[in-house]
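In what follows, a structure is listed as structure tokens, so that the remarks can point back to it.
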Amino acid sequence: MASAASSRSLMRWLLAAAIGLLIATTAVATERGLLVEVRPAPADSLWWTHLDFVPRDTQVRSIAVNRLDPSWCKASELTEAAFPDSVRHGERGLDAYLAGGQNGFSAKGSFDGRPLEIVLGIFESCGGESGNFLLVLAAGWPASSPDRIVQVERISARPVLMYLSVDPARGAIYMPELLPVRPREQVAMECESGQVRGAAGTCVRRYARRG
């Protein structure tokens with residue numbers, strides 16, 4: 001009898017341990033991807049000026065973050081799904097800004113004569129610095145290949161909401177911010193074809209050119 005009772009107790013303990021492990025594993029799995037939080041703000045303020053971005057990934061498109069930059073500990077892609085519904089929908093919501101088919105947080109195309117993948121995201125360094133990054137990848141190459149990464153750019157000194165506006169026919173890609181003082185079309189056209197606009201208002205080097 002004692003042996004049977006001990007066996008039942010052991011089985012219950014093992015079952016409880018397995019459930020606990022499953023819960024812990026699920027919790028870890030859900031804490032991936034970019035976390036976007038909206039800070040409380042006056043009703044008449046622009047929602048994109050009250051965002052906090054928290055990257056939580058150690059890989060971006062199956063590439064280890066420290067391969068993108070040895071000083072980075074976390075990095076995550078910007079995706080529409082990361083934003084709360086409260087700022088996605090409506091006339092002034094994120095979905096409205098990205099409407100039209102040529103805007104978003106990632107893009108594919110032959111921007112310099114070869115197939116490329118363009119990715120916008122948020123990084124966090126091991127020292128606590130955080131900002132936006134632009135990642136250009138050669139399409140079709142395995143993640144382990146050194147030729148997979150074409151370019152990595154730090155494009156802001158703090159995380160802000162940027163998006164891609166692409167024109168594959170011209171081989172051009174722009175990176176406007178959502179700014180309260182100027183229409184996005186004006187911001188988008190400030191840089192020359194093939195250049196990208198950083199958060200400080202400068203045009204960084206051509207995004208997919210070597211040399």
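Read the figures in this text as sums done on the coordinates, not as results from a lab. Note that the structure is predicted; figures quoted are calculated from it, not measured.
Value of Rg to Rh for segment 87-138, rounded to two decimals, is 1.10; Kirkwood radius and Rg both from alpha-carbon coordinates. Computed on the Cα atoms alone, the convex hull of segment 26-131 gives a volume of 143 cubic angstrom per residue. Converting phi to 3J(HN,Hα) with the Karplus coefficients 6.51, -1.76 and 1.60 and the offset θ = phi - 60°, segment 52-67 yields 10, 10, 10, x, 9, 9, 9, 9, 10, 6, 6, 9, 4, 4, 6, 7 Hz in sequence order, with x at every glycine or proline.
Proximity of backbone amide H atoms, modeled 1.01 Å from N, is registered between Ala139 and Leu116, Glu117 at under 5 Å, excluding neighbours fewer than 5 places apart on the same chain. Separation of segment 87-165 from segment 37-56 is 20 Å, based on Cα centroids.
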